[in-house]
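Here's the structure, in structure tokens; my notes come after.
Derivation of every value follows stated rules applied to the coordinates shown; laboratory data play no part. Everything numeric here is computed off the predicted structure, so don't read it as measured data. Every residue, glycine as well, gets a Cβ built from its backbone with ideal geometry; the counts of neighbours run over all protein chains shown.
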Amino acid sequence: MPGQNYIEICEVGPRDGFQFEDKPIPTAKKLEIIRGLVAAGLPRIQVTSFVHPEKVPQMADAEDVIASLSVEDTEEPSPTRSVIFSGLCLNMKGVLRAAETGLKDLDLSIATNESHGLDNASMTVEQGVIGAVEMVTEAHKLGLRVQLGLQTVFGYGYPGDTSLDEVILIAEKFSNMNVDSISIADTTGMANPKMIRERVSAVKNAIGETPLVLHLHDTRGLGLANVVAAWESGVSRFDTSLGGLGGCPFIKGATGNVPTEDVVYLFEELGLETGIDNTLVAECSRALSDHLGRNLSGKMYRLV
């Protein structure tokens, strides 16, 4: 059983990372990487997203990916097999598609910034919230676990242009709906440690016992500094991506997530536990680097 010094890492590379790549990543290669991450000890892996294949072609094989993963891995975790697989859903159709695959954990994601909501999904924040309420309600009826993600919490057009009051109201609403966790995302990579401390503390106070997850991008090179600031503010669950893969195809200039290997190394140096074999994660990153024909943005995958 993990202790109080345990940091839980959710690997989002197979979704957030792969979706950003122009070069096709075959289903077999995706499965190879996912199984490598399981072997490395990642407790949570976001394996795909149920989105329109014309908008995000890299995710067109969502059903095939889930079908190829063992039933043991997609059901309630056992003492000997604790990995949790999840999939991103942005609308009700995605929720129903995910449910049909047998996946038990869903990641929902909505805008908290009006401009981003209109640019990304042609919806206001209010419309996105209404849709998410319907998705959470349906997912609970189907017996599924739900994480609700809030996008661009730290800024969209410029740092801090997302209303913190709006973020708190939305977070409170879904905490009261008994979602399993709430994630706040620095989608554009505009956060700095001061903002992290202020907004993390405010959201944690608002959602009480509901677990808080932080999703960071390293667009401006402050990713690891923001990780430390969040940990010092009481966050112990982080989304990361092997090799630093990732970005949002709908946000100009949004680069990769904080690299899994770099974050694991950071926490190990701080004397904290992740349960992750960084050498095995790095093997997956190097395999992807070879497939993509370029170096990835992470640092530690080349050193371990």
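Using the Karplus curve 6.51 cos²θ - 1.76 cosθ + 1.60 with θ = phi - 60°, work out ³J(HN,Hα) for each residue of segment 255-272 in order, rounded to whole Hz, and write x for Gly and Pro.
9, x, 6, 4, x, 3, 4, 5, 5, 4, 4, 4, 5, 4, 5, 8, x, 9
³J(HN,Hα) across segment 203-217 via Karplus (A = 6.51, B = -1.76, C = 1.60, θ = phi - 60°), whole Hz, x for Gly/Pro?
Ordered by residue, 3J(HN,Hα) equals 5, 4, 4, 6, 9, x, 7, 5, x, 10, 10, 10, 10, 10, 10 Hz.
What range in the chain is the longest one free of trypsin sites (Lys or Arg not before Pro) that are in a loop by DSSP and have at most 15 other Cβ atoms within 10 angstrom?
Details: sites that count: LYS55, LYS252, ARG294, LYS299.
Counting only loop sites that pass the neighbour cut-off, the longest clear stretch is 56-251.
In nm, give the distance between the simple-model label positions of LEU270 and HIS52, each being 7 Å from the Cα along the Cα-to-Cβ direction.
4.1
Calculate the FRET efficiency for ALA202 and ASN178 from the Cβ-Cβ distance with a Förster distance of 22 Å, rounded to the nearest 0.05. All intermediate terms of the calculation are to be shown ahead of the outcome.
Working: r = 21 Å, r/R0 = 0.95.
Approximately 0.60, to the nearest 0.05.
Counting each DSSP H run of 4 or more residues in the chain as -39500 (n - 2.57), what helix-only mean residue ellipticity at 222 nm follows after dividing by all residues, to the nearest 500 deg cm²/dmol? Write out the running numbers ahead of the final one.
Values: 11 runs with 122 residues, N = 304.
After summing the helix terms and dividing by residue count, I get -12000 deg cm²/dmol.
Connecting C-alpha atoms closer than 10 Å in a GNM of the chain, tell me which of LEU31, LEU222, LEU142 has the biggest fluctuation.
So, out of LEU31, LEU222, LEU142, the one fluctuating most is LEU142.
Once you sort the root eigenvalues of the Cα gyration tensor of segment 8-302 as a ≥ b ≥ c, which label holds: rounded (a/c under 1.5), prolate (a/b larger than b/c) or oblate (the other case)?
In terms of gyration-tensor shape, rounded.
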